[in-house]
Amino acid sequence: MKKLLSFALCAFMIFSIFTLTASAAETYTVVKGDSMWKIAVKYEVGLSEIKTANPQIKNPDLIYPGQVLNIPTTDTAVVNFEKEVVRLVNEIRKQNGLKELTYDWQLSRVARIKSEDMRDNKYFSHTSPIYGTPFQMIKNFGITYRSAGENIAMGQTTPKKVVDAWMNSSGHRANILNSSYTHIGVGYASNGHYWTQMFIGK
């Protein structure tokens, strides 16, 4: 773990061969051909969160046209912060002759859960007492990869401040400028300003 100014930062990467905060909710009326998974993808929300928000659905594998589902959503300000980090990272990669990373909402969901986990369980580490290492966590959420890495930070109040802090630390900079990565997810948790970047190469 490194200290940079008054903020905490930590980077972790590996190469291999091969609770969402529901701050608001909206509703969706099921149409023919829908499945819980299709609806989850449409709204970029985890399947488990949709199931939890709809206890009236006894069998999630069987939904019917006309049923109304509650869709948990993340605070727009949080999502905007996360996507601004992605934009800043891709600007830096372009300036360094690297391909932009593809924003992956499922990876961002995992990163957000990691940030919330650090905040709620009062720790700052790549290894979660609940989810294990970032590599275990990513795989356990059903995401496959060839290579993966994670940057975490705590205390920075804006996307620019956290990206600047990461870029001023060699380990974090190496993750941001790693040419083997193709996708990125970013998770932000307020009330402590916890940040997680997750990178994968597919």
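Derivation of every value follows stated rules applied to the coordinates shown; laboratory data play no part. Nothing here was measured: the structure is a model prediction, and the numbers come from that model. Backbone-built Cβ (ideal geometry, glycine too); neighbour counts: all protein chains shown.
Helical content of the chain, expressed as a calculated mean residue ellipticity at 222 nm, amounts to -11000 deg cm²/dmol (DSSP H runs of 4 or more residues, -39,500 (n - 2.57) each, divided by residue number, nearest 500). Under the rule a/c < 1.5 gives rounded, and otherwise a/b versus b/c splits prolate from oblate, where does segment 81-192 land using the Cα gyration tensor? Since a/c reaches 1.5 but b/c is at least a/b, the shape of segment 81-192 is classed as oblate. All Cα-Cα distances of the chain, cut into 10 Å bins from zero to the largest, leave 9, 35, 33, 17, 6, 0 percent in each bin in turn. Considering only alpha-carbon pairs that sit under 8 angstrom and 6 or more positions apart, the relative contact order computed for segment 24-73 is 61 percent. From least to most packed, judged by other beta carbons within 10 angstrom and beginning with the fewest, ASP104, ASP34 follow the order ASP34, ASP104. Of the chymotrypsin sites (Phe, Trp or Tyr not before Pro) found in segment 108-154, those that fall in a DSSP loop while having at most 13 other beta-carbon atoms within 10 Å are TYR123. If you take every DSSP beta bridge whose two residues both sit in the chain, what share of them, in percent to the nearest 5, is antiparallel? If I count the DSSP bridges inside the chain, around 95 percent turn out antiparallel.
In order along segment 184-201, the phi-based Karplus estimate (6.51 cos²θ - 1.76 cosθ + 1.60, θ = phi - 60°) of 3J(HN,Hα) comes to 9, x, 10, x, 10, 10, 6, 6, x, 6, 9, 10, 9, 10, 10, 10, 9, x Hz; Gly and Pro are listed as x. With θ taken as phi - 60° and the Karplus curve 6.51 cos²θ - 1.76 cosθ + 1.60 applied, the whole-hertz 3J(HN,Hα) list for segment 70-78 is 7, 10, x, 10, 9, 3, 4, 4, 5 Hz, x standing for glycine and proline. Across segment 54-68, coupling constants 3J(HN,Hα) worked out from phi with the 6.51/-1.76/1.60 Karplus curve, θ = phi - 60°, read 10, x, 6, 8, 6, 10, x, 7, 10, 10, 10, x, x, 5, 9 Hz, and Gly and Pro carry x.
Of all lysines in the structure, those lying under 16 Å Cα to Cα from LYS51, and not within fewer than 8 positions of it along the same chain, are LYS38, LYS42. Distance between the modelled labels on TYR28 and ASN59, one decimal in nanometres: 2.1 nm (7 Å Cα→Cβ projection).
Peptides 167-179, 53-65, 187-199 ranked from most to least packed, by the mean per-residue count of other Cβ atoms within 10 Å: 187-199, 167-179, 53-65.
Determine the sum of side-chain charges near HIS126: Lys and Arg each +1, Asp and Glu each -1, restricted to other residues whose C-beta is under 10 angstrom from that of HIS126. Here the charged neighbours net out to 0. Other residues lying with their Cβ under 12 Å from the Cβ of VAL31 contribute a combined charge of +2, Lys and Arg counting +1, Asp and Glu -1.
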